[in-house]
Amino acid sequence: MDAAQAVLKISDMPFPAVDEQQGTVEGAGPAPRADNRDTVGEPFVEDPRMTCRDVNVYYGEKHAIRDVSIDIAHNEVLAMIGPSGCGKSTFLRCLNRMNDTVDTCRVSGRILLDGLDIYGRLVDVVPLRARVGMVFQKPNPFPKSIYDNIAYGPRIHGLAESRSELDGIVENSLKKAGLWQEVHDRLDQPGTGLSGGQQQRLCIARAIAVQPEVILMDEPCSALDPIATATVEDLIAELREQYTIVIVTHNMQQAARVSRRTAYFHLGALIEVGPTDRIFTNPRHRLTEDYITGRFG
Ligand SMILES: Nc1ncnc2c1ncn2[C@@H]1O[C@H](COP(=O)(O)OP(=O)(O)OP(=O)(O)O)[C@@H](O)[C@H]1O
Ligand SMILES: [Mg+2]
């Protein structure tokens, strides 16, 4: 049985309710220790693109990510799964310093991109966020034309020396995002006029246009219908040839279809990481098993 089949056996599984007062998941027994450093499985890889060590995140007093250490490989799709509120988005946003925009948020530990400490004093977040691009849950095209949505990043990063070079980047990015056929004859029309699935592919094209190394996706399909979702999943399968992709998803079939490795988070701790097939067919930690099978307790 492969991972997708294993997941398909889980019918409409309800997601566990995290009781933040008690710090427990209903029926799942005691929460992991606050100082949980013992991620089960294979969180580390040889020659990683990103390296995260002892990452802790606080929102004021709230300890949202606890001692998370993981590597992210070159050209892999890493899926991050776990109950609502377990810290998936928080951890994802650490990877391109998007949490810097939250006043109360404090991040400690080390996160390296190709050996560069992205929290280093001299690091400028603007080029960092081009190298580590982000696609959000709700497609958020700029209120500009389709062309200008894509051209915006290359312009501010000075990636094109001439109009024809910029045209080439726009065309290429839209082709890679599988949108060129649908929009090539209306590039001057507003990006916001596209369908939801097209808008999400436009946002992916926008991220690609600045030649990122890593693309972060936070539930990129949750606002899309099944057909648009399938298109975006096909796109992820193609993009992984060239990019490293980290995707947060509540849809376990999706995690099984698109990712090579899966990381399971629980109450801010990274419980288990491993090849997606193994995580879904033979999880090693009871909390992972309880979550993916829909059994709690
Ligand atoms: N801006 C913020 N200020 C304060 N607390 C926050 C903030 N953002 C997130 N949190 C808290 O941090 C914890 C982790 O939240 P996060 O959004 O990362 O979870 P998640 O796993 O992405 O959940 P979901 O699956 O519902 O999107 C939660 O307890 C949440 O309430
Ligand atoms: Mg989230």
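Every number in this text was worked out from the coordinates using simple rules, so none of it is lab data. Values in this document were obtained by computation on a predicted structure and should not be read as measured data. Cβ sites come from the backbone with ideal geometry, for glycine too, and all protein chains shown count toward neighbours.
Taking the Cα atoms of the range 229-291, the ratio Rg/Rh between the radius of gyration and the Kirkwood radius comes to 0.99. Dipole magnitude for the chain: computed about the Cα centre from +1 point charges on Lys and Arg Cβ and -1 point charges on Asp and Glu Cβ, it is near 300 debye.
For a modelled paramagnetic label at residue 142, 7 Å from Cα along Cα-to-Cβ, the residues of the range 174-207 in reach, with backbone nitrogen under 13 Å, are 191-192, 203, 206-207.
Against the empirical 2.2 N^0.38 Å (N residues), the range 49-160 has a Cα radius of gyration ratio of 1.16. Counting neighbouring beta carbons within 10 Å and listing from fewest to most, the residues 71, 100 come out as 100, 71. Principal axis extents of the C-alpha atoms in the chain (largest first, rounded to whole Å): 60, 45, 36. Spacing of the modelled spin labels on residue 58 and residue 124, each 7 Å from Cα toward Cβ, amounts to 3.2 nm.
A cut-off of 5 Å between modelled amide H atoms, ignoring neighbours fewer than 5 places along the same chain, links residue 271 with 264, 265, 266. Whole-Hz Karplus values for the range 106-111 come out as 10, 10, 10, x, 10, 10 Hz, taken residue by residue from phi with 6.51 cos²θ - 1.76 cosθ + 1.60 and θ = phi - 60°; glycine and proline positions read x.
Ranking request for peptides 129-135, 282-288: highest mean number of other beta-carbon atoms within 10 Å first, then the rest in descending order.
Working: 129-135: 20.9, 282-288: 18.3.
Ranked from most to least packed, the peptides come out as 129-135, 282-288.
Computed extension gain for residue 278 through residue 189, at 0.36 nm per residue and net of the alpha carbon distance, reaches 27.5 nm.
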